[in-house]
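Working notes, beginning with the structure itself.
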């Protein structure tokens with residue numbers, strides 16, 4: 001494959017890049033660098049040598065000078081006058097896994113998609129009623145929102161929407177959100193309480209401290225209760241508890 005002649009920049013795919021990182025520049029038993037050539041039906045060994053005209057071992061002569069490939073601060077700049085290294089990196093098995101080429105247009109589109117989603121989330125957040133904000137906050141923050149002022153609640157919702165737009169948009173479109181919020185409200189208003197390390201849920205009413213339901217091992221307590229409240233046994237209890245708050 002013939003690459004377009006131009007300067008290229010490559011970056012490590014990890015979020016936190018080390019000060020320097022060396023990737024294998026020749027095939028070995030420990031780190032085989034092979035490219036399957038469909039036209040020939042064979043695996044071809046890769047090797048980067050600064051004094052060769054090809055990155056394939058079978059096209060190199062016996063006088064090779066193997067050169068280390070080092071990413072500094074997570075980046076590797078390869079000028080257009082080094083097409084062999086660009087070709088080597090293109091076919092390298094770690095391309096797309098440990099490193100990738102920086103494509104300005106692609107990265108710009110990715111940034112644009114993120115920014116668009118943030119704007120959508122903030123618009124939705126600003127349009128919510130106070131009650132809707134409370135419902136979402138109970139589910140997303142898992143905290144007693146009665147201690148927050150309306151200004152603090154709105155601020156926290158907007159900050160969350162901006163920082164977690166996908167999670168926020170999924171949450172407000174979740175039909176189960178209101179029920180999950182109601183379940184959390186039962187605990188916030190102390191009409192229900194957890195016991196036995198959140199394995200049991202008990203009534204917390206005057207004259208009634210009986211166990212309501214046991215939470216199966218590994219289940220999320222709030223989600224399990226929301227599901228249980230939709231059962232035949234749970235519907236009457238749900239109606240009763242809603243009247244208590």
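The angle separating the long axis of helix 130-141 from the principal Cα axis of greatest extent in the chain is about 60 degrees. Please give the helix 177-188 orientation as an angle from the longest Cα principal axis of the chain, in degrees from 0 to 90, rounded to the nearest 10. It is inclined by approximately 60 degrees. Highest mobility in the GNM of the chain, judged by mean-square fluctuation with C-alpha springs under 10 Å and restricted to 23, 172, 42, is found for 42. In the chain, the calculated helix contribution to ellipticity at 222 nm averages -13000 deg cm²/dmol per residue, counting -39,500 (n - 2.57) for every DSSP H run with n ≥ 4. Fewest neighbouring Cβ atoms within 10 Å first, the residues 133, 115 line up as 115, 133.
For the stretch 176-245, the gyration tensor built on C-alpha atoms gives a rounded shape. Its axis ratio a/c (a ≥ b ≥ c) stays under 1.5.
Listed from fewest to most Cβ neighbours within 10 Å, the set 101, 219 follows the order 219, 101.
Annotation: average projected area of the stretch 8-102 is 6.5 square nanometres, based on the convex hull of Cα atoms across all directions. Relative contact order of the stretch 1-131: 32 percent, from C-alpha pairs under 8 Å at least 6 residues apart in sequence. Using only Cα atoms and rounding to the nearest 10 degrees, what angle (0 to 90) does helix 104-127 make with the longest principal axis of the chain? That helix lies at roughly 10 degrees to the long axis. For the chain, the relative contact order works out to 14 percent when only alpha carbon pairs closer than 8 Å and six or more residues apart are counted.
Between 144, 120, 61, the residue with the greatest mean-square fluctuation in the GNM of the chain (Cα pairs under 10 Å linked by springs) is 61. The stretch between residue 208 and residue 115 holds 28.4 nm of extra length on full extension. This uses 0.36 nm per residue minus the Cα-Cα distance. Taking the DSSP bridge list for the chain and keeping only pairs wholly inside it, about 95 percent are antiparallel.
A short reminder: the numbers here are calculations on the coordinates, not readings from a lab. What you see is a predicted model, and the numbers here were worked out from it, not measured in a lab. Reconstructed Cβ throughout: ideal geometry from the backbone, glycine too, with neighbour counts over all protein chains shown.
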